[in-house]
Amino acid sequence: MASLTLKGITKRFGNTIALSNIDLSVDDGEFCVLLGPSGCGKSTLLQIISGLTVQDEGSVILDNELVDHLSPRDRDVAMVFQSYALYPHMTVAQNLAFGLRMRGIPKDIIDKNIMDTANLLGIQDLLKRRPKELSGGQRQRVAMGRALVRRPKLFLLDEPLSNLDAMLRISVRLELMRLHKQIQGTILYVTHDQVEAMTLGDKVVVMKAGNIHQIDRPEVIYNRPADTFVASFIGSPAMNIFKGKIVADKKGLMFKGEDFSLNVKNIPSNLKNKPVEIGIRPEDIEISTGAENELKTKIEIVSNVGSEKYIYARIGSATLTARTKKDDNFKSGKDILLSINPSTLHIFYNGKRV
Ligand code: ATP
């Protein structure tokens, strides 16, 4: 396995800047997830690392060696595509063997690698079948197997779970986590699904429009989002974000929005009278506890997801989303008090975290 370093990768397609000066390091054995909305450049970055697309600027370094001049087959990188790209006329065993045969690996080594990989993935009984005789989850495993059998330096996985139904995604996600522990491979994994990113990644790279917004461990991305894009993209339901201004008041510094005011803590005094945005996670809002920041609101909608409920509460023209327990019995149309501990507030100035 190997480490990966990207330095200043830029890629343009005509007037579209698909990637803008991307710097990234992935450690040996690390599971790194590229997360971002459709069109942010995730797949283009994988294609550049694999050598299938050529960057306009910057370099790809695998294990301290520049690989820009190497063709895809000489980079020792394995890619798993969203479509799996299995050969339909070949059996599972032939699909697994194909890449090795093309490299002229001796048959006895190929056979051994296929058996080892099939055992690892639990697909020993499927080796004689063709792809059309497999379920979606089995096909996904074969596609992973085709990458694993080569023992590459680096795995590039492009939305490999997106063709699976919701239940299967969860179980294959767990399998992938186990597999990563076993093989200790270096993985770069692309997804637009934040749950997948947060559960799988040792490190998450949040991208938008060809730029990296934050690189960090999942818990840091969630607890200390670097800017309003990351704050609103990560978390479901999304963080409540409101525009307003920091003003001085008898109690100290306050956030003054269009519809409500809140005490704020640990704000640099030079933000006084400056426009800011505040962010409040739905789970950081308590209902009627008489804490510091109480807001009088009216429940608009109660949404029940089984394990918990979400309350959409109105205050002026603003709507706040708050999380409550599954047994709480709130009804729409009722007035409630919401309280927010100032230490849980996220504050952004010019879009960046303060
Ligand atoms: P998705 O999640 O939808 O696959 P993505 O984040 O992987 O999206 P890319 O496929 O990398 O995004 O595309 C990044 C940008 O580059 C998009 O604006 C896309 O339209 C553009 N793009 C990608 N490939 C080409 C191409 N071959 N020619 C022209 N534009 C392209």
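The values are calculated or read from the model by the stated rules, or taken from the named source; none is laboratory data. All figures in this text were calculated on a predicted structure; none of them were measured in a lab. For neighbour counting, all protein chains shown are included, and Cβ atoms are generated from backbone atoms with ideal geometry for every residue, glycine included. Each accessible area value is taken on the protein alone, full model and side chains, heavy atoms only, with ligands, DNA and RNA left out. Shrake-Rupley method; radii C 1.70, N 1.55, O 1.52, S 1.80 Å.
Details
- Pick from region 176-201, criterion charged (D, E, K, R) and open to solvent by less than 60 Å² (accessible area, probe 1.4 Å), ranking: nearest to the ligand (Cβ to nearest atom): 193
- Index of the failed condition, residue 239 passing every other in (1) in the same structural domain as residue 9 (by TED's automatic domain parsing); (2) open to solvent by less than 50 Å² (accessible area, probe 1.4 Å); (3) not basic (Lys, Arg): (1)
- Residues of region 1-13 that are open to solvent by 70 Å² or more (accessible area, probe 1.4 Å) and within 8 Å of the ligand (Cβ to nearest atom): 13 alone.
- Breaking point among (1) more than 25 Å from residue 323 (Cβ to Cβ); (2) open to solvent by 20 Å² or more (accessible area, probe 1.4 Å), for residue 271: (2)
- Residue match in region 82-96 (condition: part of a helix (DSSP H, G or I), free of Cβ contacts under 8 Å to residues at least 40 places away in the same chain, open to solvent by less than 70 Å² (accessible area, probe 1.4 Å) and of a type outside the set (Gly, Ala, Ser)): no
- With respect to the conditions (1) more than 11 Å from the ligand (Cβ to nearest atom); (2) buried (at least 23 other Cβ atoms within 10 Å of the Cβ); (3) not hydroxyl-bearing (Ser, Thr, Tyr), residue 29 falls short on a single one, namely (2).
- Residue match in region 41-50 (condition: polar (S, T, N, Q) and touching a helix residue (DSSP H, G or I) at 6+ places or on another chain (Cβ under 6 Å)): yes
- Checked against (1) small (Gly, Ala, Ser); (2) open to solvent by less than 30 Å² (accessible area, probe 1.4 Å); (3) part of a loop (DSSP other than H, G, I, E, B), residue 99 passes all but a single condition, namely (3).
- Scanning region 102-114 for residues that are loosely packed, with under 15 Cβ neighbours inside 10 Å and part of a helix (DSSP H, G or I) turns up 102, 107, 108, 109, 111, 112.
- Here residue 23 clears all of (1) assigned to a loop (DSSP other than H, G, I, E, B); (2) closer than 26 Å to residue 235 by Cα; (3) more than 16 Å from the ligand (Cβ to nearest atom) except the condition numbered (1).
- Cβ pairs under 6 Å, 6+ apart, first in region 108-134 and over 17 Å from residue 172 (Cα atoms) and in the same structural domain as residue 89 (by TED's automatic domain parsing), second among the charged types (D, E, K, R) and crowded, with 18+ Cβ neighbours inside 10 Å: 131/139
- Condition broken by residue 337, with the remaining ones in (1) surrounded by 18 or more Cβ atoms within 10 Å (Cβ to Cβ); (2) aliphatic (A, V, I, L, M); (3) in a strand (DSSP E or B) satisfied: (1)
- For region 145-175, a tally of residues being open to solvent by 10 Å² or more (accessible area, probe 1.4 Å) and part of a helix (DSSP H, G or I) returns 10.
- In region 247-264, residue surrounded by the most Cβ atoms within 10 Å (Cβ to Cβ) [restricted to those that are aliphatic (A, V, I, L, M) and touching a helix residue (DSSP H, G or I) at 6+ places or on another chain (Cβ under 8 Å)]: 264
- Residue identified as at positive phi and assigned by TED's automatic domain parsing to the domain that holds residue 25 among 184, 138, 194, 214: 184
- Within region 36-72, the residues that satisfy the criterion of being within 16 Å of the ligand (Cβ to nearest atom), surrounded by fewer than 19 Cβ atoms within 10 Å (Cβ to Cβ) and part of a loop (DSSP other than H, G, I, E, B) are 37, 38, 39, 52, 53, 54, 56.
- Residue in region 76-93 that is modelled with pLDDT under 95 and over 30 Å from residue 133 (Cβ atoms) present: yes
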